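Worksheet: the structure to be examined is printed underneath.
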Amino acid sequence: MIFMGISWKAVNLLAGCFCAIACTKYLSINTTATAADTVVLRYGLLAESVSLAELQKAAELGDFPGGFELYGRRLSTQQRRFLVNTLKMPLSLNVVTINRLLNTQIGTTILNDFSTAVVRKDKAGVQAIRAGLVLGSTAPEGLSLLSFIAAYPSQRLEINLPQTFKLARNFNTAFWRTQQFMLAIAPQLNQQSLQVSLPFDPSQPGTAQVQVLKLNWNDPQRNRNIPVDIYSSTAATADKPIIVYSHGLGSVRTDLHYLAEHLASHGYVFVAVEHPGSNQTNIDSGLQGKNKLLKPQEFLDRPKDISFALDQLTKINQTANNPLAGKLATDNVMMLGYSFGGGTTLALAGGELQFDKLKQRCKNNLAVLSLGEAAQCVAQDLPENSYQLRDARIKQAIALNPTSSLMFGDTGLTKVQVPTMILASSADKTTPALTEQIVGFQKIPAPKWLVGILGGTHLSVKDPSATLDQAGQANTPFSGGEIVGEQAADVRKFVKVIVLAMAAQQTPEAQKYSVFLTPNYAIAASTQAFPFRLITEIPSEALNVVNEYVKK
């Protein structure tokens, strides 16, 4: 599997702090009586003590001195090089940023995970790590691997070295840069909810009773069978846009069932389209060796599925005696997509698929790709370098945790032609927020909205019925550790509000719902587990984080 060949170069910043936690002390930091002046590295039955002076010397020389059995026999040259390089690596996280991060749900998860690498006879591992991080970040140079060890509240620090390497693989540069970005757009993270005057609660269901029509359409030109679920109610009218949904890779059309029912109860027609070349059935068959997991043509067929569905809806709207006749605004569509479907959505909104740089990237750097990037690399076998698949009937777009980093090249997203909302979750491993959403958001023309969910994971927005398989899943660098089901109820509630408010912008009720698309509302709606943020322009401090990452 290409995903298992994670590059050590990508494992740095705070994750590196715990992968080289035993190798830390900033040269300008003086140790105190409470600092860990002895570090014990444990590798199975083998344990070896290292003094801070020896670690300092290793950092200066660029290698560990002779005589260390652990370094000489058990660690590979690559691992030793990584540890030494990490010794000298500063982390651009000051005490304010660290405090904010550790007070979020993702911060708590990080502390709990990293505490598994610290061997203690008591249960104070999490508190000790927190103290080391906070105190270490008060150093003049800010937090570093070395300042952390100097501030760790114990004279002895014992490390389970194999566990630290395992943890390091779960975090990469994009992950930590994402945390920096999210905190930079949330300067008042710990303040109490703002007082916002709200006319009503859009998270509550509408009064109309919802009904679901299940259809199976066939596109003869492409010999493609397309299942569709249409959610509607008697409150549906032609003055409201149709909402068309594109699911993620290996998923199904029902994975946002809760959202479909919510919108339909408020009088919207929600059309969930299933893509036969990239749904769960296709992926399951691919895993059995019956077909390819994903064909390059799917990048073109998915947008065509949506356009074909709109053609069929136009026919329904003109069919006498059909309950939906005259109620479908087929020329006023809000496109909604999740994950790989978010990329489909951006293409239909005008984003141009550009594959020239994708082909170079995917050929040379497969080992460091995320799952989202790896899926996009399938497009390298398409014959052309660019494709324009916009459907002019789409007037708005919402992309939840979309893929976009490679498939739109440098300028493809500058050609998006409709108001667009991008949702990004800070703990998303599958489509990391910084690379897949935030960098691309900066390129999309206004009007646009970026929604940040601190502590959210890739699957947090999905219907609980679609995430039952996550119970007991191993927490790996590319999957697992998902916050779903009841734990993510706050996320789904917020999604119901912002999607409904966005849809309403194409109706006479636009002004009534506009308050729910403001930064103040996002802060007011935040919960202890999930701080929410909404911006329409990236502030300078946060933009610096983006630019620094792009330059690297």
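Structure values in brief
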| quantity | calculated |
| --- | --- |
| Meets criteria (crowded, with 24+ Cβ neighbours inside 10 Å, under 30 Å from Thr314 (Cα atoms) and either hydroxyl-bearing (Ser, Thr, Tyr) or modelled with pLDDT under 95 (or both)) for Thr414 | no |
| Residue that is outside the structural domain of Ile110 (by TED's automatic domain parsing), among the β-branched types (Val, Ile, Thr), part of a loop (DSSP other than H, G, I, E, B) and at pLDDT below 95, where the choices are Ile523, Ile538 | Ile538 |
| Residue check for Asp469: surrounded by fewer than 17 Cβ atoms within 10 Å (Cβ to Cβ) and not small (Gly, Ala, Ser) | yes |
| Test for Leu183: is it at pLDDT below 90 and assigned to a loop (DSSP other than H, G, I, E, B) | no |
| Checklist (1) at pLDDT below 80; (2) over 16 Å from Leu111 (Cα atoms) applied to Thr138, failing item | (1) |
| Flag for Leu313 being more than 16 Å from Ala399 (Cα to Cα) and hydrophobic (A, V, I, L, M, F, W, C) | yes |
| The range 465-505 - residue that is touching an Asp or Glu at 6+ places or on another chain (Cβ under 9 Å) and touching a residue at least 60 places away in the same chain (Cβ under 8 Å) and, of those, nearest to Lys395 (Cα to Cα) | Val497 |
| From Gln396, Gln388, Gln417, residue being more than 20 Å from Leu450 (Cβ to Cβ) and of a type outside the set (Val, Ile, Thr) | Gln388 |
| Index of the failed condition, Asp301 passing every other in (1) without any contact (Cβ under 8 Å) to a residue 24 or more places away in the chain; (2) crowded, with 18+ Cβ neighbours inside 10 Å | (1) |
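Table: residues versus (1) assigned to a loop (DSSP other than H, G, I, E, B); (2) more than 24 Å from Ala184 (Cβ to Cβ); (3) in contact (Cβ under 8 Å) with a residue 24 or more places away in the chain.
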| residue | (1), (2), (3) |
| --- | --- |
| Gln376 | no, yes, yes |
| Gly409 | yes, yes, yes |
| Gln417 | yes, yes, yes |
| Leu423 | no, no, yes |
| Thr430 | yes, no, yes |
| Gln437 | no, no, yes |
| Gln442 | no, no, yes |
| Ala446 | yes, no, yes |
| Leu459 | yes, yes, yes |
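The values are calculated or read from the model by the stated rules, or taken from the named source; none is laboratory data. These numbers were taken from a predicted model, which means no experiment stands behind them. Backbone-built Cβ (ideal geometry, glycine too); neighbour counts: all protein chains shown.
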